[in-house]
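The values are calculated or read from the model by the stated rules, or taken from the named source; none is laboratory data. As the structure is a computational prediction, the values presented were derived from the model and not from experiment.
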Amino acid sequence: MNATIPGECERQLQVGEQECDKEDVKKDRIARNLCIAQGLMMFSVTTVVPTRAPMILKIKRGDAAATARTMGMMSGLAAVIELVVNPMLGKLSDQYGRKPFMMLAPIINAVLHT
């Protein structure tokens, strides 16, 4: 027959709660960091994209129709590249893990948008 020491169960519960709290704190920190990274990425995209049309308009010497065609081709090309590259990167991500690709994504985004 096992005799329990008074208060032993309560101590075990408190230790379990502390471990649970540490996990919650870690998950909250990771979620906060991901939100900050996503916010910075969206900020970088939204500050660069509006400058493209005036830049292309200058390159096309004020021809609005040519600028619209060029912007459309740029968007279409980006979509085709995503269509081709995303499945390959997904497969590599499954093979090597998500973390390296999550770390490379902001760097690649910064290079492509500059």
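When only residues in the stretch 1-60 that are among the polar types (S, T, N, Q) and at pLDDT below 80 count, which is nearest to Met73 (Cα to Cα)? Walk me through how you get there before you give the answer.
Within the stretch 1-60, the subset among the polar types (S, T, N, Q) is 2, 4, 12, 14, 18, 33, 38, 44, 46-47, 51.
If we keep only those that are at pLDDT below 80 too, we end up with 2, 4, 12, 14, 18, 44.
Numbers: Asn2: 77, Thr4: 75, Gln12: 64, Gln14: 61, Gln18: 56, Ser44: 22 Å.
Looking at the filtered set, the residue picked out is Ser44.
Filter the stretch 61-79 down to the residues that are at pLDDT below 90 and of a type outside the set (A, V, I, L, M, F, W, C) and list them by number.
Within the stretch 61-79, just Ser75 meets the criteria.
Residue by residue, here is whether (1) part of a helix (DSSP H, G or I); (2) closer than 27 Å to Ile36 by Cα; (3) among the β-branched types (Val, Ile, Thr) holds:
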| position | (1), (2), (3) |
| --- | --- |
| Lys58 | yes, no, no |
| Thr67 | yes, no, yes |
| Ile81 | yes, yes, yes |
| Ile108 | yes, yes, yes |
